[in-house]
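Trainee: Below is the structure I would like to discuss, written out as structure tokens.
The values are calculated or read from the model by the stated rules, or taken from the named source; none is laboratory data. Since we're looking at a predicted model, the values are computed, not measured. Quick reminder, even Gly has a Cβ in these numbers, built from the backbone with ideal geometry, and neighbours come from all protein chains shown.
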Amino acid sequence: MTLDFTAILARWQMLLDGLALTVQLAAVTTLTGFLIGTLCAIARRSDVSALRWVASVYIEAIRNTPFLVQIFVVYFGLSSLGFSFSAVTVAIIALTINVGAYTAEIMRAGFDAIHPGQWEAGECLGLSRTQTYWHVALRPAMERVYPSLTSQFILLMLASSVTSQISAEELTAAANFIQSETYRPFETYIVVALIYLALSLAMRVVFWAFGLAVFPRRRRLGTNL
Amino acid sequence: MSVVVLKNVKKSFGSLPVLHGVSFAVAKGEVLALIGASGSGKSTALRCIDRLEIVDSGEIEVCGHMVHDPGLDLRRLRLDVGIVFQSYNLFPHLTIKENVTLAPRSVKKLDRRAADEIAMQSLQKVGLAEKADNYPEQLSGGQQQRAAIARSLAMEPKVMLFDEVTSALDPKLTGEVLKVIEALAASGMTMIMVTHEMGFARRVADQVVFMHEGLVHEAGSADILTNPSTPELREFVSNDL
């Protein structure tokens with residue numbers, strides 16, 4: 001067996017475009033997914049049973065069905081409702097819905113780990129429920145589950161490869177195209193796998209740096225909460 | 001005029017009755033020590049005053065707020081009442097100064113400078129100004145408890161509640177916290193404190209309420225600790241050597 005990467009590396013522009021879209025998908029849906037997930041975690045801990053119920057149905061529906069099927073449901077669902085969104089928009093919606101459900105469970109664990117005395121102290125100082133979540137609970141909850149969050153959002157970036165199925169032209173879609181042009185599938189996917197690996201490591205570094213910025217206590221003292 | 005009034009307050013946790021009709025009143029500037037054995041209901045009574053527990057029946061009036069009323073404006077009650085807990089409950093991810101400025105900034109909407117100023121004043125009162133930029137875990141238990149007192153003071157409450165605030169501290173740290181509370185009492189703050197520190201109650205309290213099995217069993221000036229008239233209180237204080 002001889003490996004020949006020349007034809008693949010010659011198409012670096014295509015790989016770069018694919019990489020750029022993968023990075024964008026990951027960046028946008030990390031933010032939207034975290035937002036949806038955190039709101040759902042709060043909803044699931046709410047005193048209002050309707051909110052708890054809606055959040056639970058969403059979370060369980062998503063965590064118990066395959067992502068590929070979810071993408072198709074969103075893709076064909078939106079178009080049968082008369083919406084014509086671009087593949088990228090659909091990819092963002094589907095990825096957000098998917099990662100939001102997993103993030104909700106992670107953040108719920110984080111909020112559940114906050115000692116009742118913390119909620120009480122916030123309440124007694126006159127903070128509203130929302131203010132207590134924002135000022136008292138959010139950062140310690142995030143800090144406690146930060147390793148899980150990091151893994152979840154790296155998984156999300158990797159899962160974005162599935163959106164090639166609805167022709168979002170991200171990295172895997174670029175690979176599919178290149179291998180069909182070059183007849184060098186093994187080399188193509190090796191290269192793409194290495195790019196994903198590098199991207200995962202880069203994400204770890206970004207999350208680490210973000211953690212330093214958002215958890216100053218940990219940065220200064222180096223201890224766990 | 002009374003700042004805090006409890007009238008025939010009853011409270012059960014499920015099938016477990018805790019308060020069987022508790023009544024007492026605290027006048028402005030007065031210090032009331034709530035004493036009694038564990039399980040006598042004194043902490044529950046205190047928590048009812050800040051509506052951390054909701055009473056089953058009876059009336060509680062605090063600074064004009066009807067605490068037993070389901071339509072109570074909870075946030076306005078909390079603006080008038082400060083509470084300090086046995087376990088400090090400082091926010092671990094915030095510095096001491098941030099702990100103290102949080103409520104003035106987000107509840108009273110003060111700007112950073114005004115909040116910082118108030119924070120430093122309250123930290124000075126508890127002797128912790130130089131620890132402002134430290135995190136709670138860098139402080140001793142006594143310092144953490146004083147920081148928690150400063151956090152409450154920064155909201156300028158009309159009444160302060162202390163729930164066994166020295167129970168987790170050794171005698172030296174207990175002493176430094178009690179000194180802060182004593183200075184606060186001298187400054188005219190109205191206070192209700194659940195405490196096991198009999199010597200302190202004797203010295204500082206204007207009124208002592210002894211609770212026994214969910215009822216006010218004996219109440220009066222601090223003299224009742226030296227000359228108890230019920231056998232239960234005599235028994236209770238005799239354990240304090």
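Trainee: Just one of A:122, A:126 is outside any helix (DSSP H, G or I) and within 22 Å of residue B:47 (Cα to Cα); which is it? First the steps, then the outcome.
Mentor: Numbers: A:122 fails: outside any helix (DSSP H, G or I).
The match here is A:126.
Trainee: I would also like to ask the following. Just to verify a result, which residue in the stretch A:90-149, among those that are of a type in the set (S, T, N, Q) and either away from chain B (no Cβ under 14 Å) or in contact (Cβ under 8 Å) with a residue 60 or more places away in the chain (or both), is surrounded by the fewest Cβ atoms within 10 Å (Cβ to Cβ)? If you could, list the steps in order and put the result at the bottom.
Mentor: Filtering the stretch A:90-149 down to residues of a type in the set (S, T, N, Q) leaves A:96, A:98, A:103, A:118, A:128, A:130-132, A:148.
Filter once more, so that each one left must be either away from chain B (no Cβ under 14 Å) or in contact (Cβ under 8 Å) with a residue 60 or more places away in the chain (or both): A:96, A:98, A:103, A:148.
Working: A:96: 24, A:98: 25, A:103: 28, A:148: 16.
Filtering the stretch A:90-149 for residues that are of a type in the set (S, T, N, Q) and either away from chain B (no Cβ under 14 Å) or in contact (Cβ under 8 Å) with a residue 60 or more places away in the chain (or both), the one surrounded by the fewest Cβ atoms within 10 Å (Cβ to Cβ) comes out as A:148.
Trainee: Condition (residue is at pLDDT 95 or above, among the aliphatic types (A, V, I, L, M), buried (at least 22 other Cβ atoms within 10 Å of the Cβ) and closer than 30 Å to residue A:216 by Cβ) applied to the stretch B:48-71: is it met by at least one residue?
Mentor: no
Trainee: Do the conditions hold for residue B:165, that is, is it among the β-branched types (Val, Ile, Thr), within 14 Å of chain A (Cβ to nearest Cβ) and not in a helix (DSSP H, G or I)? Outline the logic, then answer.
Mentor: Details: among the β-branched types (Val, Ile, Thr): yes; within 14 Å of chain A (Cβ to nearest Cβ): yes; not in a helix (DSSP H, G or I): yes.
When the stated conditions are applied, residue B:165 passes them.
Trainee: Criterion first (among the polar types (S, T, N, Q), more than 15 Å from residue A:163 (Cα to Cα) and surrounded by 12 or more Cβ atoms within 10 Å (Cβ to Cβ)) does residue A:80 satisfy it? Reasoning before the result, please.
Mentor: Details: among the polar types (S, T, N, Q): yes; more than 15 Å from residue A:163 (Cα to Cα): yes; surrounded by 12 or more Cβ atoms within 10 Å (Cβ to Cβ): no.
Judged against the criteria, residue A:80 is not a match.
Trainee: Just to be sure before I move on: is residue A:144 touching a Gly at 6+ places or on another chain (Cβ under 7 Å), among the basic types (Lys, Arg), closer than 30 Å to residue A:26 by Cβ and part of a helix (DSSP H, G or I) in the structure I sent?
Mentor: Numbers: touching a Gly at 6+ places or on another chain (Cβ under 7 Å): yes; among the basic types (Lys, Arg): yes; closer than 30 Å to residue A:26 by Cβ: yes; part of a helix (DSSP H, G or I): yes.
Against the criterion (touching a Gly at 6+ places or on another chain (Cβ under 7 Å), among the basic types (Lys, Arg), closer than 30 Å to residue A:26 by Cβ and part of a helix (DSSP H, G or I)), residue A:144 qualifies.
Trainee: So is residue A:184 basic (Lys, Arg) and modelled with pLDDT of 95 or more or not?
Mentor: no
Trainee: Those residues that are under 20 Å from the mean Cα position of the chain (by Cα) and aromatic (Phe, Trp, Tyr), I need them from the stretch A:154-211; list them, please.
Mentor: Hits for the stretch A:154-211 are A:196, A:207, A:208, A:210.
Trainee: Can you tell me which residues in the stretch B:71-108 are within 27 Å of residue B:5 (Cβ to Cβ), small (Gly, Ala, Ser) and at the interface with chain A (Cβ under 8 Å from one of its Cβ atoms)?
Mentor: Selection gives B:82, B:103.
Trainee: For the stretch A:155-225, give me every one of the helices (runs of 4 or more DSSP H) that falls completely inside it and has 3 or more residues that are under 30 Å from residue B:94 (Cβ atoms), touching a residue at least 40 places away in the same chain (Cβ under 8 Å) and touching a helix residue (DSSP H, G or I) at 6+ places or on another chain (Cβ under 9 Å). Can you show your working first?
Mentor: Details: elements: A:171-182, A:185-214, A:216-221.
By residue number, A:185-214.
Trainee: I'd like the residue in the stretch B:9-39 that is polar (S, T, N, Q) and at pLDDT 95 or above and, out of all such residues, is surrounded by the fewest Cβ atoms within 10 Å (Cβ to Cβ).
Mentor: Going residue by residue through the stretch B:9-39, those that are polar (S, T, N, Q) are B:12, B:15, B:23, B:38.
Those left that are additionally at pLDDT 95 or above: B:12, B:23.
Values: B:12: 13, B:23: 15.
The qualifying residue surrounded by the fewest Cβ atoms within 10 Å (Cβ to Cβ) is B:12.
Trainee: Can we say residue B:219 is of a type outside the set (Asp, Glu) and surrounded by fewer than 20 Cβ atoms within 10 Å (Cβ to Cβ)? Full working, then the answer.
Mentor: On the way: of a type outside the set (Asp, Glu): yes; surrounded by fewer than 20 Cβ atoms within 10 Å (Cβ to Cβ): yes.
Spelling it out, residue B:219 is indeed of a type outside the set (Asp, Glu) and surrounded by fewer than 20 Cβ atoms within 10 Å (Cβ to Cβ).
Trainee: A further question on this structure: Collect the residues in the stretch B:120-157 that are more than 13 Å from chain A (Cβ to nearest Cβ) and surrounded by fewer than 20 Cβ atoms within 10 Å (Cβ to Cβ), keeping them in residue-number order.
Mentor: Correct list: B:120, B:121, B:124, B:125, B:127, B:129, B:130, B:140, B:141.
Trainee: Hey, among the residues in the stretch A:150-188 that are farther than 30 Å from residue A:109 by Cα and of a type in the set (Ser, Thr, Tyr), which one's surrounded by the most Cβ atoms within 10 Å (Cβ to Cβ)?
Mentor: Of the stretch A:150-188, the ones farther than 30 Å from residue A:109 by Cα are A:164-188.
From what's left, of a type in the set (Ser, Thr, Tyr): A:164, A:167, A:172, A:180, A:182-183, A:188.
Working: A:164: 21, A:167: 15, A:172: 21, A:180: 11, A:182: 17, A:183: 9, A:188: 24.
Residue satisfying both the conditions and the ranking: A:188.
Trainee: Oh, and also: Determine which member of the set A:167, A:200 is modelled with pLDDT under 95 and within 28 Å of residue A:72 (Cα to Cα). Talk me through it step by step, then tell me what you get.
Mentor: Values: A:200 fails: modelled with pLDDT under 95.
Being modelled with pLDDT under 95 and within 28 Å of residue A:72 (Cα to Cα) holds for just one of A:167, A:200, which is A:167.
Trainee: Taking the stretch B:17-53 only, how many residues are out of contact with any Ser or Thr (no Cβ under 7 Å at 6 or more places or on another chain) and either in a strand (DSSP E or B) or within 15 Å of residue B:162 (Cα to Cα) (or both)?
Mentor: Of the stretch B:17-53, the ones out of contact with any Ser or Thr (no Cβ under 7 Å at 6 or more places or on another chain) are B:17, B:20-24, B:31-32, B:34, B:36-52.
Narrowing the set further to residues that are either in a strand (DSSP E or B) or within 15 Å of residue B:162 (Cα to Cα) (or both) leaves B:17, B:20-24, B:31-32, B:34, B:36, B:41-52.
Of the residues in the stretch B:17-53, 22 are out of contact with any Ser or Thr (no Cβ under 7 Å at 6 or more places or on another chain) and either in a strand (DSSP E or B) or within 15 Å of residue B:162 (Cα to Cα) (or both).
Trainee: If you take the residues in the stretch B:56-68 that are aliphatic (A, V, I, L, M) and within 14 Å of chain A (Cβ to nearest Cβ), which one is nearest to the chain's Cα centre (by Cα)?
Mentor: Quick first cut of the stretch B:56-68, residues aliphatic (A, V, I, L, M) only: B:60, B:62, B:66-67.
Filter again for within 14 Å of chain A (Cβ to nearest Cβ), leaving B:62, B:67.
Working: B:62: 14, B:67: 16 Å.
Among residues in the stretch B:56-68 that are aliphatic (A, V, I, L, M) and within 14 Å of chain A (Cβ to nearest Cβ), the one nearest to the chain's Cα centre (by Cα) is B:62.
Trainee: Every residue in the stretch B:39-55 that is of a type in the set (Gly, Ala, Ser) and either more than 14 Å from chain A (Cβ to nearest Cβ) or over 13 Å from the mean Cα position of the chain (by Cα) (or both), please. Give the steps one after another, and end with the answer.
Mentor: Going residue by residue through the stretch B:39-55, those that are of a type in the set (Gly, Ala, Ser) are B:39-41, B:43, B:45.
The answer is B:39, B:40, B:41, B:45.
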